[in-house]
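In what follows, a structure is listed as structure tokens, so that the remarks can point back to it.
The values are calculated or read from the model by the stated rules, or taken from the named source; none is laboratory data. Note that this is a predicted model, so its numbers are computed, not measured. Glycine gets a Cβ as well: all are built from the backbone with ideal geometry, and neighbour counts include every protein chain shown. Surface accessibility is based on the protein's heavy atoms, side chains included, excluding ligands, DNA and RNA. Shrake-Rupley method; radii C 1.70, N 1.55, O 1.52, S 1.80 Å.
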Amino acid sequence: MKILVAVKRVVDYNVKVRVKSDGSGVDISDVKMSMNPFDEIAVEEAVRLREAGIATEVLVVSCGVAQCQETLRTAMAIGADRAILIESADELQPLAVAKILKALVDREQPSLVILGKQAIDDDSNQTGQMLAALAGLPQATFASKVVVADGKATVSREVDGGAETLSLKLPAVVTTDLRLNEPRYVTLPNIMKAKKKPLGRLKPADLGVDVTPRLKTLKVVEPRNRSAGVIVPDVKALIEKLKNEAKVL
Ligand code: AMP
């Protein structure tokens, strides 16, 4: 059983992003880039399934600029077997990525596709759902537990008011939530080993995918600065303030 995992290169979660002065987007020049944290969890889950003898191959794919190769090498250092970079200097919106992944699903025929529930740069939370729709596959989003057996994936997911368990017939698409697992630390020997693992390169056009953006960003602004808090002397004063001064913004 083959597992395909999508990994995105994003601004590291520790970086405080700055908006470009012309409001056209976020400045990513000279900032640390890393693998999207939800995608690290996706790779870890796939590698655990291979280590448990349930999967036989973990293939990772990243769509974007040439530097995404670093993200793919990190995924292979976690334990993925093979990588494909879909190289494009254009802005790749979730629909374009979903179309690329659909073409790869057709080509590679994985039994399971694992993505992060969302990329921390665009916070779109769309790609997995769009891929499942385009490929006509069942989907379970925000997985907190995945069990694969007998051609099925049993996925637990947290929903409003409790936990839901879904049974999906494979092939299927799963997106990861934070609670699914804790990714392992990447060790130096595994980083060295990852350098020798196969990494293929394709362009969206090789897969017949048109990545022209469908959405236009009109403006990006910094969030408003929070005003300073006040210390109230007692509960009575707090209640008074909540009653008369607190407002929903
Ligand atoms: P999003 O819909 O943009 O929030 O992204 C959800 C998930 O789709 C991410 O966690 C990744 O697993 C996958 N994904 C999105 N963009 C890319 C990309 N450029 N390359 C590879 N995977 C991606």
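Observations, loosely collected:
- Checking the stretch 112-132 against the condition returns no match, with no residue being over 17 Å from the mean Cα position of the chain (by Cα) and more than 30 Å from residue 24 (Cα to Cα).
- Failed item in (1) of a type outside the set (Lys, Arg); (2) open to solvent by 10 Å² or more (accessible area, probe 1.4 Å); (3) farther than 18 Å from residue 118 by Cα, with residue 55 passing the rest: (2)
- Hey, residue 26 modelled with pLDDT of 95 or more and among the hydrophobic types (A, V, I, L, M, F, W, C) or not: no
- Taking each residue of the stretch 204-215 that is closer than 15 Å to residue 91 by Cα and open to solvent by 90 Å² or more (accessible area, probe 1.4 Å) and looking for partners that are of a type outside the set (Asp, Glu) and assigned to a loop (DSSP other than H, G, I, E, B) with beta-carbon atoms closer than 8 Å, six or more apart or interchain, yields 214/93; 215/93.
- Test result for residue 42, in contact with a Leu (Cβ under 9 Å, 6 or more places away or on another chain) and part of a loop (DSSP other than H, G, I, E, B): no
- Residue in the stretch 90-97 that is touching a Leu at 6+ places or on another chain (Cβ under 9 Å), closer than 13 Å to residue 173 by Cα and modelled with pLDDT of 95 or more present: no
- Qualifying strands (runs of 3 or more DSSP E) (wholly inside the stretch 162-249; at least 3 residues being of a type in the set (A, V, I, L, M) and within 23 Å of the chain's Cα centre (by Cα)): 162-169, 172-176
- Summed over the stretch 90-149, residues that are polar (S, T, N, Q), in a loop (DSSP other than H, G, I, E, B) and near the ligand (Cβ under 10 Å from one of its atoms) total 5.
- Enumeration of residues in the stretch 57-71 that are within 10 Å of the ligand (Cβ to nearest atom), part of a strand (DSSP E or B) and not small (Gly, Ala, Ser): 60, 61, 63
- Matching residues, the stretch 1-49, being aromatic (Phe, Trp, Tyr) and either open to solvent by less than 40 Å² (accessible area, probe 1.4 Å) or farther than 25 Å from residue 222 by Cβ (or both): 38
- Any chance residue 117 is surrounded by fewer than 20 Cβ atoms within 10 Å (Cβ to Cβ) and modelled with pLDDT of 95 or more: no
- Considered as a group, the residues in the stretch 72-86 that are open to solvent by 10 Å² or more (accessible area, probe 1.4 Å) and either under 21 Å from residue 134 (Cα atoms) or polar (S, T, N, Q) (or both) include one that is farthest from the ligand (Cβ to nearest atom), and that residue is 74.
- Flag if residue 171 is under 18 Å from residue 103 (Cα atoms), modelled with pLDDT of 95 or more and buried (at least 17 other Cβ atoms within 10 Å of the Cβ): yes
- A search for C-beta distances below 6 Å between a residue of the stretch 6-25 that is over 24 Å from residue 128 (Cβ atoms) and any residue that is away from the ligand (no atom under 15 Å from the Cβ) and open to solvent by 100 Å² or more (accessible area, probe 1.4 Å), counting only pairs 6+ apart in sequence or on different chains, returns 15/32; 23/219.
- Residue within the stretch 214-227 that is under 30 Å from residue 77 (Cα atoms), within 16 Å of the ligand (Cβ to nearest atom) and touching a helix residue (DSSP H, G or I) at 6+ places or on another chain (Cβ under 8 Å) present: no
- Of the residues making up the stretch 65-87, those that are closer than 17 Å to residue 193 by Cβ and charged (D, E, K, R) are 70, 73, 81, 82.
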